[in-house]
Amino acid sequence: MAEPWPPSQAPSQASGDESAHFRAVLSPHRSLGPKGFVVFMVALCTISFATGLLFFFIGAWPVLGFFGLDVLLVYIAFRLNFRALRVYETVDLSPQTLKVTRVDPKGREQSWDFNPYWVRLNLDERVGRTSELSLTSHGKRLVFGSFLTDPEREDFASALKAALREARGSIA
């Protein structure tokens with residue numbers, strides 16, 4: 001079994017003036033955009049406030065505070081989720097180098113460089129679980145694209161395999 005690849009130990013290739021033959025930016029799917037979030041929060045606030053007022057007028061005034069607390073907790077949960085969606089990965093392939101860069105939600109980058117001739121792309125289908133996309137080279141393994149759906153991983157794997165074949169052909 002191959003070991004995970006620490007970013008500081010990844011084999012580097014000298015990067016000169018090489019033009020990328022293949023470039024992809026992988027990012028998580030966001031089903032609710034900023035405009036939809038505002039619409040949802042306005043609707044939730046309106047419903048919660050109206051229902052809270054109803055309870056206030058029948059004498060159960062403490063319920064109004066709980067409706068406000070619910071809205072606040074939903075807002076916080078969405079903000080945390082949006083922050084987690086700032087993660088992305090880039091894959092740059094040139095004839096000399098395959099570079100994978102991962103940027104976390106705080107903006108910190110990790111990069112791994114591979115020789116396209118020696119790297120192996122694996123798409124592991126796992127029964128009952130999501131598939132896993134990884135690069136293997138020199139006994140080390142890098143898993144990437146974990147936030148993609150299975151069909152997206154399959155499409156990306158086939159596109160990257162074709163680009164790797166083309167890059168390997170231009171080396172020879």
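No value in this document is a laboratory result; all are computed from the given coordinates. The structure displayed is predicted, hence computed values, not measured ones. We place every Cβ from the backbone using ideal geometry, glycine too, and count neighbours over all the protein chains shown.
Quick one: length gained pulling E109 to F57 fully straight, 0.36 nm per residue minus the C-alpha distance?
The span from E109 to F57 would gain 13.3 nm if fully extended.
Each of W118, W112 has some number of other Cβ atoms within 10 Å of its Cβ, and from fewest to most they run W118, W112.
Please state the relative contact order of the range 34-84 as a whole percent: Cα pairs under 8 Å, 6+ residues apart?
31 percent
For the pair R129 and E152, a Förster radius of 22 Å applied to the C-beta separation gives a FRET efficiency near 0.90, rounded to the nearest 0.05.
Cβ crowding within 10 Å ranks V127, V103 as V127, V103, fewest other Cβ atoms first. Return the tail of the calculated pair distribution for the range 34-84, meaning the percent of Cα-Cα pairs more than 13 Å apart. Pairs farther apart than 13 Å: 59 percent. By the helix-only formula, in which each DSSP H run with n ≥ 4 contributes -39500 (n - 2.57) and the sum is divided by residues, the chain has a 222 nm mean residue ellipticity of -14000 deg cm²/dmol. Here H29, H138 are placed in order of increasing Cβ neighbour count within 10 Å, fewest first, which gives H29, H138.
When the charge dipole of the chain is built from unit charges on Cβ atoms (+1 for Lys and Arg, -1 for Asp and Glu) and taken about the Cα centre, the candidate among S134, L80, A162 whose Cα reaches farthest toward its positive end is L80. Remark: C-alpha extents of the range 16-172 on the principal axes read 82, 39, 23 Å, sorted largest to smallest.
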